[in-house]
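**Q** Dumping the structure here so I can ask a few things about it.
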Amino acid sequence: MKILVCVKQVPDLETTFKPNPEGTWFDETDLAFQLNDCDEYAVEEAVRLKEKLAGAPDITVLSIGPRRVVETIKRALAMGADRGVHIEDAEAYRKDPWQIASLIANFAREKKFDLIFTGMQSQDRGSGQVGVLAAELLGLACATTIVAFEFTGGLCRVRRELAGGVKGVVELKLPALLTCQSGLNVPRYPTLPNIMKARKKELLTVGAETLGKEGPAVVTEKFYPPARKGAGVVLEGEAAETADKLAGILREKIPGLRGL
Amino acid sequence: MKVLLVGEYREGQLLESCFELEAFADELKAERATLLVGSADACQKLRGKVYFADAADYLEYNPDLHKRLVLEAAARENADHIVFSHSAYGWDLAPRVAAALKAGQVSDIIAVRDGKFEVGCLNGKMRRLVAPATAKAVLTLQPGAFTLKNPGPPEPRIEKLDVEKTASPVNFLGYEPAEKKEVDLTKAAIIVGAGRGIGKQENLAVISALAEALHAEVGASRPVVDAGWLDHSRQVGSTGQVVSPKLYLACGISGATQHLTGMRKSGFIVAINKDKEAPISELADVLVIADLIPFAAALTARLKKP
């Protein structure tokens, strides 16, 4: 069985974002980058399946972007993927979901993967399209937002998260692509020996320009912070003093609260 | 401009999101038709031209057949935009339609600005203004972002829609109901919400003590539930419970869109956070910028003082 996991490197979100000179995406200066959260669940699920099938599946992990994304590929290798593919593209941040999905599909088409895992969305762009578009381009069965996965008798059985805790149960034939929701599993931390082992694993670099030249289907015109409501009170300072002020505000604004 | 709205129907019910789609079409001042894979009864609640495909024939979820139905209705209407809710249904189906039409898709739209679409990014911290580069476009709307103001009486003009039924590699087996709830947060007057910012499971004790001092229920954001620190019934958000307490105290919650959807209607919102630019600050009546755990302990102590 051949498995592909598509992962994205995204910025740590606990920071202040400023527009880049083009004004269409964020400036990367001083940002820290990490593995997209939903993609971490995708890697973990693939590795669990490999373990369940006594190591038989071969897991390729793919990421698109500039040189820095190699670190993210290495993290997935340290979690248990077998080989990495870096689609090198310094312009990846400008590409829309259609262009990214086309790169993935053009890479994967001849490789005959049985199963592809992706996250259901990225934390930075958050369009939630790439996995499904790639599945359509490759003609694969596809289910999105999965929170449970079983593989038995050559079929995938998944639970899709709907709303209010209700789930949809879906069975898919291979080849298939699944997009993973957080909560699908608890991803492992790579151990030090596995981080060392990952350094020796195969890592192939492919130039994005060799995988077709699709134009964008949507265009970002502007990147900006949300309009602030501005009416809120901001409290800052020493804990006991601030707690005192907050208790005062609550007592005034919410009369009849017990415990105040 | 013509739009095709793709309504949503689940477990025998028309979903409210259908009216949000209508509101969006009204805002665009577009001529609209709706496709519903549902029941004849459910179509009666809609307005204008309705393409009706029977869920008894096409199931409530069958992405291949639903895609073909959408494409057929869009072709008959020659629709410029095909519009879905950014729900589990739209999430799954919209990109399939976009791929088939080679049309650009704009996901999770929160507003229309000069004919272009505003969407959130970076977990709601920033916005993008996006325009399709293709003649036809697929759009998905953030749940709750558009509200129908003057719906008027339902007056559907229904046209039955059918496509050839072929085998699909995706087989929908049915629904699994939500787990039994440990707590009904919708009835709570005060909720203390715990987020990723609590840092570790042991710190939940500090949050619980604060909740106790306020006679509040403990709620949680998704990462806390996913980590197994609290039961799913305590999850506040579009995939958990949608709550409207008198007071919501968000502790270490950055405010992912799906969480904000679940607590936006709270009477008074206090956010305690290290990051003053976290999206939760947009909704907060009071924003406390502090180290969560020592502050929560100090507030608990203050509340316990006679």
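Throughout, read-outs are computed from the coordinates displayed, never taken from laboratory work. Remember, predicted model here, so these are calculated numbers, not experimental data. Cβ atoms come from the backbone with ideal geometry, glycine included; neighbour counts cover every protein chain shown.
**Q** Residue under question is residue B:136, and the condition is that it be touching a residue at least 24 places away in the same chain (Cβ under 8 Å) and in contact with an Asp or Glu (Cβ under 7 Å, 6 or more places away or on another chain); does it hold?
**A** The answer is yes for residue B:136.
**Q** Now for a different question. Among the residues of segment A:43-97, which ones are surrounded by fewer than 20 Cβ atoms within 10 Å (Cβ to Cβ) and touching a His at 6+ places or on another chain (Cβ under 7 Å)?
**A** Selection gives A:70 alone.
**Q** Could you tell me which numbered condition residue A:114 fails, if it satisfies all but one of (1) at the interface with chain B (Cβ under 9 Å from one of its Cβ atoms); (2) in contact with a strand residue (DSSP E or B) (Cβ under 6 Å, 6 or more places away or on another chain); (3) charged (D, E, K, R)?
**A** Single failed check for residue A:114: (1).
Results for (1) buried (at least 20 other Cβ atoms within 10 Å of the Cβ); (2) of a type outside the set (Ser, Thr, Tyr); (3) touching a residue at least 60 places away in the same chain (Cβ under 8 Å), shown as yes or no for each residue.
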site: B:210; (1), (2), (3): yes, yes, yes
site: B:228; (1), (2), (3): no, yes, no
site: B:231; (1), (2), (3): no, yes, no
site: B:240; (1), (2), (3): yes, yes, no
site: B:243; (1), (2), (3): yes, yes, no
site: B:249; (1), (2), (3): yes, yes, no
site: B:252; (1), (2), (3): yes, yes, no
site: B:257; (1), (2), (3): yes, no, yes
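**Q** Do we find a residue being hydroxyl-bearing (Ser, Thr, Tyr), assigned to a loop (DSSP other than H, G, I, E, B) and more than 23 Å from residue B:291 (Cβ to Cβ) anywhere in segment B:219-236?
**A** Within segment B:219-236 (the criterion being hydroxyl-bearing (Ser, Thr, Tyr), assigned to a loop (DSSP other than H, G, I, E, B) and more than 23 Å from residue B:291 (Cβ to Cβ)), the answer is no, since none of the residues qualifies.
**Q** When segment B:95-109 is examined, which residues are found to be surrounded by fewer than 22 Cβ atoms within 10 Å (Cβ to Cβ), outside any helix (DSSP H, G or I) and either in contact with a Lys or Arg (Cβ under 6 Å, 6 or more places away or on another chain) or at the interface with another protein chain (Cβ under 9 Å from one of its Cβ atoms) (or both)?
**A** Selection gives B:102 alone.
**Q** Sort out for me the strands (runs of 3 or more DSSP E) sitting completely within segment A:22-108 that have 3 or more residues that are without any contact (Cβ under 8 Å) to a residue 60 or more places away in the chain and on the phi < 0 side of the Ramachandran plot.
**A** The qualifying strands (runs of 3 or more DSSP E) are A:33-35, A:58-65.
**Q** Mind listing just one residue for me: the one in segment B:231-253 that is facing chain A (nearest Cβ under 9 Å) and small (Gly, Ala, Ser) and, of those, nearest to the chain's Cα centre (by Cα)?
**A** Ranking the candidates gives B:238 first.
**Q** Would you please name the residue that is nearest to the other protein chains (Cβ to nearest Cβ), looking only at residues in segment A:172-213 that are surrounded by fewer than 18 Cβ atoms within 10 Å (Cβ to Cβ) and closer than 24 Å to residue B:92 by Cβ?
**A** Per the stated criteria, the residue is A:173.
**Q** Return the residues of segment B:67-85 that are buried (at least 24 other Cβ atoms within 10 Å of the Cβ) and under 23 Å from the mean Cα position of the chain (by Cα); say none if nothing qualifies.
**A** B:70, B:82, B:83, B:84, B:85
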